[in-house]
Structures are given as structure tokens and as C-alpha cells.
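The values are calculated or read from the model by the stated rules, or taken from the named source; none is laboratory data. All of these numbers come straight from a predicted model, not from anything done at the bench. Glycine gets a Cβ as well: all are built from the backbone with ideal geometry, and neighbour counts include every protein chain shown. Accessible surface is based on the protein model in full, side chains and every heavy atom, while ligands, DNA and RNA are left aside. Shrake-Rupley method; radii C 1.70, N 1.55, O 1.52, S 1.80 Å.
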Amino acid sequence: MESGINRLLKSFSLKMLYFEVRRFRLLRKFKGKELQLGLGSKLVNAEIGYKTYIAHNTQFLNSSLGDYSYINYDALVQFTTIGKFCSIGPGVKIVLGSHPMHMVSTHPAFYSSGIMVKSFTDRRLYHDEFKRVTIGNDVWIGEDALIPGGIKIGDGAIIAARAVVTKDVEPYSFVAGVPAKHVKYRFSKEIINQLVKIKWWDKNEKWFKENYLSFQDPEKFVSTFSDEEV
């Protein structure tokens, strides 16, 4: 008679095989993009940029990921547009579903069909459940940060670990806390304005290889490239 341990090992092996087959199919789908994809990740209705990385056990749903951006493990990203060169930390949750507060009940059974086991409506009666999030380029979002629908995060912004973002974040600003509040700007207004205009993230790979050392000094960077055509 098969032991409990053997049954457990067989079940685990089958689960790992399923995840590996699913991962292989996704890698084939995005062949040519040089996507790195961790085991157990789920991509649904996804647009993937060039040389991106999505770590294990991450759900990426109805979203797009720009060139060179990565998402760490155990993240949930849905209904989100992510720019280039973004760093999304582990456990980040983007666009958690909202519930209506103006109705008699906040339970989905009364406003959304097909989500719950039991629903009393045959159509969608609440349309703000999943508002799209827009994340700019070169954004860093720390571990376990929460970002609800409808938020816009500007280029170069930093979201601290475990922050709860409740309003739009300006370009090159650092926010932290619950709810997240503005702490400081990364650079002076002059440098920020120039970086937004330069849009270095739209350059090609050859340019990055030739100029990566310039990224060490923001003042020198904007002085060198402010008049250069993208």
C-alpha cells in the first residue's frame, strides 16, 4: 500500500511538472523577448517588453511590462501599465479589487456576476472594481507595497517597502508610510525636469553600453545629454 509520504511526493512532483509545462509554454509565447520567468508564475493577457524578468509565484494579469523591468517573487500585478527599467519588489500588490461603499452591501454577489459562487445579478453593476494603474519608467517599488486602482506613479519615483499608496506619486519623488506620504525629491527640480525631458530609458542598448558610467553623476548626466536628440 502506498505510504502517505510517497503520495505527497507524487503530488508535489505532478504540481512541479504542471508549473514547468506552463512556464515552458509562456516562454515559447514570448520567444525573442528574452523573458526570464520563475516557476509558478502566472501570466494572463500580458504584454511583455525586451529582456524582462518575472520571478517565481508572481501573478501578472491584464498588464504590460516595459523593457528591462523586473518583478520579484510572490507579487500580484493586475490591470497595470509598467514602464521601462522598473524594479518591483517581492510581495508587491497592485490593483486590489475595490468594493462599492455607496450601495446597501459591499458584497460582490449584488453587483458582479461570475466572481462569487453565488451571484444575484446577471450583469456588472459596479464599474470601478479594477481601475488601471500607470507606472512610469525607472520606478522602484519596495517589498510588500500596496497600490490600489487608479493610481499614477511618475518616472523615477521610489515607493518605500510596505507603503500603502493612496494618491498619485510625482516623478522622482520618494514616498513612504501608511498611507504613503511624500518624503523628499530625489534631485533638484532642475535636474528632474531635465531627466524627464531626456527620457534616457528610450535609448537603445548600444547607447546604454557606451554611457553607463554617466549614470553615476546626475548633474553631469543632464549637462551632457540635455541637448541630445532621443
Among the numbered criteria (1) more than 20 Å from Tyr68 (Cβ to Cβ); (2) aliphatic (A, V, I, L, M); (3) over 26 Å from the mean Cα position of the chain (by Cα); (4) open to solvent by 40 Å² or more (accessible area, probe 1.4 Å), which one does Val222 miss? (4)
Considering only residues that are surrounded by 15 or more Cβ atoms within 10 Å (Cβ to Cβ) and either under 21 Å from Ser69 (Cβ atoms) or of a type in the set (Asp, Glu) (or both), look in the range 187-202 and name the one that is nearest to the chain's Cα centre (by Cα). Trp201
Unmet criterion (only one of (1) among the acidic types (Asp, Glu); (2) open to solvent by 50 Å² or more (accessible area, probe 1.4 Å); (3) modelled with pLDDT of 95 or more) for Asp155: (2)
Quick one: would you say Val139 is modelled with pLDDT under 95 and β-branched (Val, Ile, Thr)? no
Considering only the range 86-105, how many residues are among the hydroxyl-bearing types (Ser, Thr, Tyr) and open to solvent by less than 10 Å² (accessible area, probe 1.4 Å)? 0
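Pick from Gly83, Gly40: which is open to solvent by less than 50 Å² (accessible area, probe 1.4 Å), modelled with pLDDT of 80 or more, closer than 25 Å to Glu205 by Cβ and in contact with a helix residue (DSSP H, G or I) (Cβ under 8 Å, 6 or more places away or on another chain)?
Numbers: Gly40 fails: closer than 25 Å to Glu205 by Cβ.
Unique residue meeting the criteria: Gly83.
Give the range 108-161 a look and list any residue that's assigned to a strand (DSSP E or B) and either under 12 Å from Ser87 (Cβ atoms) or of a type in the set (Ser, Thr, Tyr) (or both), or say none. Walk me through how you get there before you give the answer.
Of the range 108-161, the ones assigned to a strand (DSSP E or B) are 133-135, 140-141, 146-147, 152-153, 158-159.
Matches in the range 108-161: Thr134, Ile135, Trp140, Ile141, Ile158, Ile159.
Rundown of residues vs (1) in contact with a Lys or Arg (Cβ under 8 Å, 6 or more places away or on another chain); (2) not polar (S, T, N, Q), yes/no style:
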| position | (1), (2) |
| --- | --- |
| Val133 | yes, yes |
| Gly142 | yes, yes |
| Ile153 | no, yes |
| Ala161 | no, yes |
| Thr166 | no, no |
| Val169 | yes, yes |
| Val175 | yes, yes |
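For residues in the range 167-186 being among the small types (Gly, Ala, Ser) and buried (at least 16 other Cβ atoms within 10 Å of the Cβ), which is nearest to Ile151 (Cα to Cα)? So that I can check it myself, show each step before the final result.
Step one: of the range 167-186, the residues among the small types (Gly, Ala, Ser) are 173, 176-177, 180.
If we keep only those that are buried (at least 16 other Cβ atoms within 10 Å of the Cβ) too, we end up with 173, 176, 180.
Values: Ser173: 15, Ala176: 15, Ala180: 12 Å.
Looking at the filtered set, the residue picked out is Ala180.
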Let me spell it out: the conditions are (1) open to solvent by less than 70 Å² (accessible area, probe 1.4 Å); (2) among the aliphatic types (A, V, I, L, M); (3) modelled with pLDDT under 70, and Met1 meets all of them except one. Which number is the exception? (1)
Name the pairs: first residue in the range 118-143 and without any contact (Cβ under 8 Å) to a residue 40 or more places away in the chain, second residue of a type in the set (Ser, Thr, Tyr) and open to solvent by 70 Å² or more (accessible area, probe 1.4 Å), Cβ to Cβ under 7 Å, at least 6 apart or on different chains? none
Mind checking whether some residue in the range 208-225 is part of a loop (DSSP other than H, G, I, E, B), within 22 Å of Tyr50 (Cβ to Cβ) and among the small types (Gly, Ala, Ser)? no
Tyr70 of a type in the set (Phe, Trp, Tyr), under 23 Å from Val164 (Cα atoms) and either surrounded by 15 or more Cβ atoms within 10 Å (Cβ to Cβ) or under 10 Å from the mean Cα position of the chain (by Cα) (or both): yes
